[in-house]
Each structure stands twice: as C-alpha cells, then as structure tokens.
Amino acid sequence: MKAVIMAGGFGTRLRPLTNNIPKPMIPMANKPIMEHIVELLKEHGITEMVSLLYFQPEVIEGYFRDGSDFGVKMSYVTPGEDYGTAGSVKNAEAFLRESFLIISGDLLTDFDLRTAIRFHRERGALATIVLTRVENPLQYGVVIADEEGRINRFLEKPTWSEVFSDTVNTGIYILEPEALDFVPAKREFDFSKDLFPLLLQEGQALYGYVAPGYWKDVGDLFEYRLAHRDILSGLVKVKMPGRKVGEIDKDIWLDEGCRVDFTAALRGSVLIGKNSRVEANTRIANSVIGDGCIIEEGASITDSILWDRVYVGRGAILKENVVGRGSEIKAYARLFEGALISDNCKIGEASIVKANVKVWPHKVVEDGATLAASLVWGERWSKSIFGAHGVVGLANIEISPEFAAKLGASFGASLREGAIVRTSRDHHKISRMINRAIICGLLSAGLDVHDFRVTPIPVVRYKMGVQGAVGGVHVRKSPYDPELIDIKFFDERGLDLPSGKEKSVERLFFREDFRRASVEGTGRLSFPEHGIEYYHEGLLHFVKKDLIRQARLKVVIDYSYGSSSTIFPPVLGELGCEVIALNAYMDESKITKTTEEFQRSWKQLSEIVRILGADLGIMMDTGAEKIFLVDEKGDVVPDDLALALVSLLVLKTHDKGAIGVPVTASSVLDDLARGYGFRVIRTKTAPKALMEAATQEGMIFVGDGVGGFVFPGFQPAFDGMLATLKILEMLAATEARLHQLLRSVPERFILKAQIPCPWEFKGTIMRRLIEDTQGEQVELIDGVKVFYGSDWVILYPDQDKPLFNVIAEAAERSRAEELLSRFKEKVRSWQQEAA
C-alpha cells in the first residue's frame, strides 16, 4: 500500500512560526513534524509515499529528497493551483493504482495504521475514514456510524446544537483507486465537504474506523506547545532523537555532541539537541532545546520550545515560550507566558516581553524595553516610546489605532480626572484616524477633550494653561518621511512634555494599569469655536502693527500646503503687507518633502523673490513651526546664517537680555552679542531643551539653527507665524534688509558630518572621547565640545538614530575640514576596536 502525505498547507494559524517554512516542516521534538509521519508510516509497513506539495515545495523536497535517507521511497506532486484536498489527490492519480492511505503531514499521532487498513479491507470499503473521540468536536467533522462502522451521517465543523457525536474525522483516509472516479479533475474538491457527502448520497461503502491512541491536529500555537508537552510526558509514542538518560523522576534525551554542565538542573522531561551547550547553574524543565543552541549560566527555561541555533543569555527567564531559529535572548531578558519569538529576532538585555505577545521574524527589542503588544511590521521596539521629537513611528504599523488609543489613555491617566486636554492634527487622513484613536483613549480616562481638528501646532500651544487646558496632543504626518507619523505631547505651558512626565506616561503604558473612568465619568468631546481667533488677536497685540504697516514690505510666502494658509493671510492683510502667497492651500499628498524637494522649493522661492523684487522670502514648514529665509537679492539664507541674522536683528531692536542657542551654534553669535551687551546661553540640541531655555527670566530670543525661532514674550515655543511677523517688525525698525546685514556678520566656516554607529557602541565612543580629550578645553552640555582657541569641534550621539553627529567650526575652511576629518577617523577607529 502507498501513502499520500498532504503537505501543502500554509499553516496560517501557526504564523509567525510558518512565515519562512511550510507547516509540515515546523520542528516537533527537534525534527520536522512530517518526519514523524514518515516514521509512523514506515513502522506500519508503508514505504512508498507521494507528498502533495503547494506552499514552499522546495523546502520539503530539499529535506526528504528521494526518501532513501529515511528508508522510504518518496515522490512529489506539486499542482499549479489549489484544487482542495480531494482535488489534489486526484491530481496525483497516476501514482495511485492500488489501495492507498492519505494522511496529513502536520498531524501528531501514534495510531496503529495496520489495524485501520485491515478494517478497511475486511469491510470491502471504497473509503474508510479513521476516526477518534475528542472532548470538543466543534472544529472537526463529526461522524456517526452503525455497529459495523458504516457511516450514515456526516457533518463538517458543526455548531453545538448540531453536535450529535464526539467521534470526529482525523484527516486520515484509506481509499480504493475507484473512489477518485467521483472527484472531478482540475477542480477544487474537498474530502469532507464534497467527496464524503457525495459517497453517502450515492450509497457507496463509506466506513469509519475509531482508532485508539493519540491524535492531535497541531493547528495553532497553543496546540503546538501542548503537543510538545504530550511528547515529553510520554502520552504519544514518537521516535525521540538522541539517547535517553533517564532517572527516577525525569526523562532526559541528549543528542550527539551536546554538552551539559554538571551543575545544570534538568527537571521533568528535557530534550537537548545536537551540539547544544548548557552552561553552569541553568534550570531547564519540561522543555525542548534545538540543535546548536547556547544556554548561558543562570538561565531558566520552563515548558518552552527552542528551535535551532537559539542563544539564551545569562540569567534570562523563559516560561511557556516558543523561540524561532537563530534568535537571541540576551542576558536577564524575561519572556512571560505564551510569548512567541520568531526566527532571527534579538531580544535585548534586561528587556521584557509580556504574556502572549508575538514577535515576528527579524525584529529587535532594544535593551531594557518592555514589549506589551505584538511586534509585526516595524523593525524595532525601543525601551522608550518618546524620542527627541515626541512619539514617532511607522504610520498604521508601529503607530496603529490600538497603540494610539492606549497611548491616549496612558497620557490621560497621568492627568487629573475631569481636566481638559487640547487635541489637533494636520490635514492628512492618517492623522485624522490616529487623532481620533487618541481622543478615545483620553475620554476613557475621564478627560474632557477640546479638539481643534486641523490646526497649526503653534495655535494649539498658545496660552494653553490660561484657557484651562492641562495638556495637549498634536498628530501629524512626518514632514521628513512619508511612512512615519509624529505625535507631539504638550504640558499646560504649551511646551513639549518634560522627561519626567514622559517617563510617567511610559510606565503607565507598559504596566497597562491606567485609570478607566466610570460610565458617567467618561470625558466629553467638544470643538472650540474661538481658539484660532484668540491666537489671531494675540499675534496682532504682540507685534508693533503700525511699524510694520508703515514699512509696506513686499513679502513672498510659501505655505508648503499647510494649514497656516487658512490662518495667517488675514493677519498679514491687517498689517498692510504686500504678500505673494505660494502653495496656499492644503494638500495631504504634499505634507512630506524629500531633501531634494525641499531644496527645489527653496530655490523656486528664491527665484520668485528675485524676479518680483520682494524685500523677503519666507518658506514655512507644514506645521508652521519653522521658517526658511530668502534675502532681498533672492539668495537662499542657510540655516546657520539665518540664526545669526535674526539674532543680530534682535540685538539691534531689543533691550539687553539673553539669547538662547544650541551648543552647536556658531561662535559668531557670542561675538555679536558681546557688542550689544547681551548674554548667550547655550543649551542641548533637543527642541525640548531650547523651549525650556525660553522660559528663563530675561530670555529675549531662542533659535535652534534649523529654522526654528522662539520669542518667549509671546509663547516659549517655536512659532513660524510669529517669527515671520517679528522679522518684518525688526526689518522695519532697522530700515535694513537681510542681505545688507551680512557685512555685520563675521565669516566663519562650519562643516557637518554624520557617522553610522550601532546603538551598543555609543557609550563606548563617548567614554573614549572623554579619555582622548583629557587636558583639552572641553564643554559637556550635549556630547563633547572641544575648543582649540576660537575653533572647535563637537561630537554627540543622535537620540533617535544609530549615528554620531560631528560639527567643526574654524576661521579657515581648511582648518574646519582638518578637525572634522580627524574626529571622524577617531570615531571609526574606536568602533572597530569595540567590535
């Protein structure tokens, strides 16, 4: 008798374990589950087999080849289409000229197949279904047969009201070749749904044999773990790899080449695969360890299955987990019950993966991170939700509606119940979706929400606390990457959340114990009518309107398709400016710009300013936080120079005080400020640090050197619309233009570079840098800034990316190039040594 092995399944319910291999090839006690079926067939005298393949057929053919390594003869049939179970067998009809047995390649069973075949022959059956009895028959085909075993009723996957038996179809069939005459060729046709009901209807000899023994359909991840438990406890008879080293209270199987330290505690039943190494003081109970694994000292593994080449670091704890091939579980990481780690993942040191979370292939959970939701599409899960620019992630993948609702609830739970939170967004549809999810989370925590809908960020920040709000959220599509979304959170001052507050929100998010309001305590959602008018009035009250009107400046403004185009034109109209507006409408497809597109827009603006003879060109970013300048000659003003020119205007038009700039800003600013009796206060480069500096007493102006300007008297946050008005006011007051002011700015050369650097090496590089610059004049505000007289170089690690920033400034270009090159080479050589 031949056997047909049904080996074409996708294993959808076993994903992500079956992402890279067909279901019959998933390991079961360190060998493919289909290999157990081949051994069962051989044990019962069936050595000629035909495997029906469909999904990734080359994986199965490459493993079993012609079957000779397993003592059988193996043939393969791969249909071009999915013909269903019976249709697939019909497709292999040329191989089946005698009685044959059909069995699934992803079952686990120890049925006595010889007895089932004898039953079939004794009854003279055309088809025999091998049956078993189960406690819950809902997911199987239920069968009723008479005393002789002849089937008289059959129902595929019934409801409880239709359960008339606990005897179910196991997917093992014995057929005569004539049974295939009832199966149409090249058509989808199924055994349970089509062929067997047809045979019953035709009165054919359809029998059922109730087989004693073990049987399990390994259909999902829970059943997969359960099947391993049954193997280890001896409930199913399978051929285990390696030699058994049994003691009174445990069964241990050790495969060839494995090494187990004598201090390792193995409890219950344990299988250790080929060439695996188990180090001192480990604890392993009721688990399967694959081939080539390394279990380091002090690790604890309970009720788990590790596939081949898994590394488990010192002190890591695994409980009821499955870990895929080539994955690394770093030292002191902890996997809670039911967590699944797919192939080639890295779970960082001291990180936590919560219960029942699935990590899909090739993902990274960073050191110290807590993963509470399945990581499917994004590449990395960080230990922090917040970065330098708020919460940033892949739209609808890392930042999904579920994530956003939970984040909103966490933020809401960090605030007092019944308080007001402002929300707003840009005009992209993905932002609308995520904003609404955040609103749901806030409402669920008992917060009232004032939704400003499509509104520029500065409007939402403006005098937030004065109007009763204790916080705010703005959602936008990233202006830099079309796949990313940004979520910005504000405190009652309208500033980015302080680090301590961010940590509080993160703790609530990861612990998942945030407050839930009662039915009557759920928050209210409203849409304020006068928020924009309030901001509008504030702008006009803050600037010197008459001075701007009298100057009658001609300005070209590129609104970059942002929502400021609906708010700012009326303000400029009241100030009597002649304005030429570009891209003054909202277009969600134009929110994100590549570097090339940005430069092209800036150049286009410069040409229009030159042609029209305008006094100034302004390109506003989509969120209306930053502006980029073109002078009256139509020349683009680089960011560093723009900071110097606007600072000079501030120095000329304001009383003595302080200006705030990042530590990376040019020393030209110190020279300029000194001449006007101003102080320069340097801060970290992060936007949050600059805005915090804006709250300091005596601070007149803050600039970030990349288009962001803050005038704290209005609000201590970046505001492109206010910055535009203040520049117009200061130009009017000085009766100067930007190009005219250039001669007042000393020339110095600033060069910048970025060097890729893995996250794990950043600390090492910083240490080496400190050691290398001992004895030098250094400043440690942000990174390490090294002074060489009036020249300097600064190195600091990027907060959000695996790289180092290097900036050098000198009076001569050649000197700046030499400093930049020297420190770039230092970073590269230190990385090579660390690796």
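Taking each residue of segment 761-784 that is more than 17 Å from ASP798 (Cβ to Cβ) and looking for partners that are open to solvent by less than 40 Å² (accessible area, probe 1.4 Å) and modelled with pLDDT of 90 or more with beta-carbon atoms closer than 6 Å, six or more apart or interchain, yields ARG768/TRP830; THR773/VAL786; GLU776/VAL786; VAL778/VAL784; VAL778/VAL786; GLU779/LYS785.
Selection of segment 496-520 for residues being assigned to a loop (DSSP other than H, G, I, E, B) and exposed (fewer than 14 other Cβ atoms within 10 Å of the Cβ) yields PRO498, GLU512, ASP513, ARG516, SER518, VAL519, GLU520.
Is it true that ALA689 is under 22 Å from ILE781 (Cα atoms) and part of a loop (DSSP other than H, G, I, E, B)?
So ALA689 fails the test.
With respect to being out of contact with any Lys or Arg (no Cβ under 6 Å at 6 or more places or on another chain), of a type in the set (A, V, I, L, M, F, W, C), touching a residue at least 12 places away in the same chain (Cβ under 8 Å) and surrounded by fewer than 17 Cβ atoms within 10 Å (Cβ to Cβ), ALA264 falls outside the description. How many residues are assigned to a loop (DSSP other than H, G, I, E, B) and at pLDDT 90 or above if we restrict to segment 68-104? Within segment 68-104, residues that are assigned to a loop (DSSP other than H, G, I, E, B) and at pLDDT 90 or above number 4. Contact map, segment 331-348: residues that are basic (Lys, Arg) paired with residues that are open to solvent by less than 20 Å² (accessible area, probe 1.4 Å) and modelled with pLDDT of 90 or more, Cβ distance under 9 Å, separation 6+ or inter-chain. Pairs shown: ARG334/ALA316; ARG334/LEU318; ARG334/SER351; ARG334/VAL353; LYS346/SER327; LYS346/ILE329. Of the residues examined, ALA810 is one that is small (Gly, Ala, Ser), touching a Leu at 6+ places or on another chain (Cβ under 7 Å) and within 30 Å of GLY675 (Cβ to Cβ). Cβ contacts < 8 Å: first residue touching a residue at least 12 places away in the same chain (Cβ under 8 Å) and of a type in the set (Val, Ile, Thr), restricted to segment 586-615; second residue open to solvent by 20 Å² or more (accessible area, probe 1.4 Å) and outside any loop (DSSP other than H, G, I, E, B), any location; separation 6+ or different chain. Result? Within 8 Å, the pairs are ILE591/ARG476; ILE591/LYS477; THR592/LYS477; ILE608/ILE580; ILE608/LEU582. Scan segment 9-31 and report the pairs whose first residue is within 14 Å of SER104 (Cβ to Cβ) and whose second residue is buried (at least 19 other Cβ atoms within 10 Å of the Cβ) and basic (Lys, Arg), with Cβ atoms within less than 8 Å and a gap of 6+ or a chain change. Short answer, once both residue conditions are applied: GLY9/LYS23; PHE10/LYS23; GLY11/LYS23; LEU14/LYS23. Here THR159 passes the criteria (1) open to solvent by 20 Å² or more (accessible area, probe 1.4 Å); (2) out of contact with any Gly (no Cβ under 6 Å at 6 or more places or on another chain); (3) modelled with pLDDT of 70 or more except the one numbered (3).
For segment 564-585, a residue qualifies if it is more than 19 Å from ARG552 (Cα to Cα) and loosely packed, with under 15 Cβ neighbours inside 10 Å, and exactly one does: TYR585.
Can you tell which of THR12, THR78 is open to solvent by 50 Å² or more (accessible area, probe 1.4 Å) and in contact with a helix residue (DSSP H, G or I) (Cβ under 6 Å, 6 or more places away or on another chain)?
Numbers: THR12 fails: in contact with a helix residue (DSSP H, G or I) (Cβ under 6 Å, 6 or more places away or on another chain).
Checking each option against the conditions leaves just THR78.
Yes/no per residue for (1) under 21 Å from the mean Cα position of the chain (by Cα); (2) in contact (Cβ under 8 Å) with a residue 24 or more places away in the chain:
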position	(1), (2)
LEU497	no, yes
SER504	no, yes
ARG507	yes, no
PHE510	yes, yes
PHE514	no, yes
ARG524	no, yes
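Listed conditions (1) surrounded by 23 or more Cβ atoms within 10 Å (Cβ to Cβ); (2) assigned to a strand (DSSP E or B); (3) of a type outside the set (Lys, Arg) are all met by LEU442, apart from (2).
The values are calculated or read from the model by the stated rules, or taken from the named source; none is laboratory data. None of these values were measured; they are calculated from a predicted model. Positions of Cβ are generated from backbone atoms using ideal geometry, with glycine treated the same way; all protein chains shown enter the neighbour counts. Side chains included, ligands, DNA and RNA excluded: accessible areas come from the protein's heavy atoms. Shrake-Rupley method; radii C 1.70, N 1.55, O 1.52, S 1.80 Å.
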